[in-house]
Amino acid sequence: MIMEIEETVRKYCVHLKEKIRLLNSFKKATVNIKEALECRDIPLLDHYLKERNGIIGKIEQVDKKLNRIIGIAGFSMGKLSREAKSLLGGYFDQIRTLLESLSDVDRDCLSLARVEYDCIKSEILKTQQGRHTVTQYRPKSGQSARLLDIKRV
C-alpha cells in the first residue's frame, strides 16, 4: 500500500513539473502578447495568442491527468509521508507564485487591449460621422450639391 502511494506521488510530481513548465511557457507567451500590444503589431499578437491558446490546451490535458491520479481509490493527503507532503507543497508554492506573477502581466495586457479597443472604437465613430456628413451634402439626382458656405433660403 505504501509503495502504491509513493508511486502515485511520483507520477503526480511528474505531471506537476510538466504543469510548471507549461505555466512558464504560458507566462512567456503572455509577456510576448503584452509586447505585441505595446508595439501594435497585430500579426505578431495573433501568433502569440494562438501559441498561448495551444499552451492552455496542454495545461488542461495535464490537469485531467492530475485529476485522474487524485481519483485513484485510497489516495488522500492524509496518507502521505511528511516528505511527500513537503515535496507537493513545494510544487504548489511554485504554481501559486507563477499564477500570481501571471496575473500582473495579464492585467497589463487587458489594460493595453482596452486602450487599443477604445482607440479603434473612436476611429470607427469618426468614420461613421464623416460618412454621415458626406451623405448629407452630396447631390441627389437632379439637384446641385449642398455646400456648407451657402446660406439656405
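The values are calculated or read from the model by the stated rules, or taken from the named source; none is laboratory data. The model shown is predicted, which means the values in this text are computed figures rather than measured ones. We place every Cβ from the backbone using ideal geometry, glycine too, and count neighbours over all the protein chains shown.
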Residue pairs meeting the criteria (Cβ under 9 Å; at least 6 apart or on separate chains; first within 21 Å of A29 (Cα to Cα), in region 87-99; second surrounded by fewer than 16 Cβ atoms within 10 Å (Cβ to Cβ) and polar (S, T, N, Q)):
L98/N24
What pairs come out if I take residues in region 7-27 that are over 15 Å from I69 (Cα atoms) and pair them with residues that are of a type outside the set (A, V, I, L, M, F, W, C) whose C-beta lies under 7 Å away, six or more apart or interchain?
I20/Y91; I20/Q94; L22/K58; F26/R52; K27/S101
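Among what's in region 4-45 and is part of a helix (DSSP H, G or I) and basic (K, R), pick the residue that is surrounded by the most Cβ atoms within 10 Å (Cβ to Cβ). Give the derivation first.
Step one: of region 4-45, the residues part of a helix (DSSP H, G or I) are 4-39, 42-45.
This time we only want the ones that are basic (K, R), so: 10-11, 17, 19, 21, 27-28, 34.
On the way: R10: 11, K11: 15, K17: 13, K19: 22, R21: 12, K27: 18, K28: 15, K34: 20.
Once the filter is applied, the top-ranked residue is K19.
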In region 57-76, what residues are surrounded by 10 or more Cβ atoms within 10 Å (Cβ to Cβ), among the aliphatic types (A, V, I, L, M) and more than 17 Å from K28 (Cα to Cα)?
V62, L66, I69, I70, I72
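Would you confirm whether or not region 35-58 contains a residue that is within 30 Å of E4 (Cβ to Cβ) and at pLDDT 90 or above? Reasoning before the result, please.
In the first step, residues of region 35-58 are kept if they are within 30 Å of E4 (Cβ to Cβ); the result is 58.
Next, from what is left, pick out any that are at pLDDT 90 or above: 58.
Within region 35-58 (the criterion being within 30 Å of E4 (Cβ to Cβ) and at pLDDT 90 or above), the answer is yes, since at least one residue qualifies.
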